Amino acid sequence: MTYKIKNPKVKEKKQIHNPYFVDGKDISKEPIYLLEEGEDSGLTPAQFKALWQYGVDSGIVWRLQGWYGRTAQDLLDSGYIHYPTKHKQVGIGLNSVTDYYGNPIPTEKEAKQGHFD
């Protein structure tokens with residue numbers, strides 16, 4: 001029986017190209033409810049920002065209770081985070097192009113051009 005030895009350089013390369021890998025932690029693997037806990041979440045400010053960005057990029061904040069979407073929109077309007085550069089498919093049956101009510105979610109390019117429908 002032979003065992004494969006994982007190459008640590010491959011893992012490092014994946015982390016470099018992962019925009020959600022912040023301060024030694026892959027934020028995309030963290031539970032989204034940590035956003036509600038704010039400073040008590042145990043995340044650094046950079047990780048907290050990355051988690052909000054992940055929530056917007058994946059579209060999950062638009063499918064949760066209203067507070068998430070309203071807060072995300074405030075953060076987008078203030079420039080703290082940015083609109084996704086492209087839409088992603090998240091989970092089975094979830095489409096990040098629209099929110100829970102079917103309203104379109106623009107990409108960064110569409111938002112800059114003022115196309116919200």
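The values are calculated or read from the model by the stated rules, or taken from the named source; none is laboratory data. Keep in mind the model is a prediction, meaning the values are calculated, not measured. Reconstructed Cβ throughout: ideal geometry from the backbone, glycine too, with neighbour counts over all protein chains shown.
Observations on the structure shown:
- Total residues in region 24-43 satisfying the condition of being part of a helix (DSSP H, G or I) and either modelled with pLDDT under 85 or more than 14 Å from T71 (Cα to Cα) (or both): the figure is 7.
- Search result, residues across region 61-82 that are at pLDDT 90 or above, farther than 16 Å from K112 by Cβ and in a loop (DSSP other than H, G, I, E, B): Y80
- Of the candidates A46, A50, the single residue that is at pLDDT 90 or above, small (G, A, S) and crowded, with 16+ Cβ neighbours inside 10 Å is A50.
- Hits in region 50-66 - residues which are touching a His at 6+ places or on another chain (Cβ under 8 Å) and over 15 Å from Y80 (Cα atoms): G59
- Within region 1-19, being part of a loop (DSSP other than H, G, I, E, B) and either of a type outside the set (F, W, Y) or at pLDDT 85 or above (or both) holds for M1, T2, K4, I5, K6, N7, H17, N18, P19.
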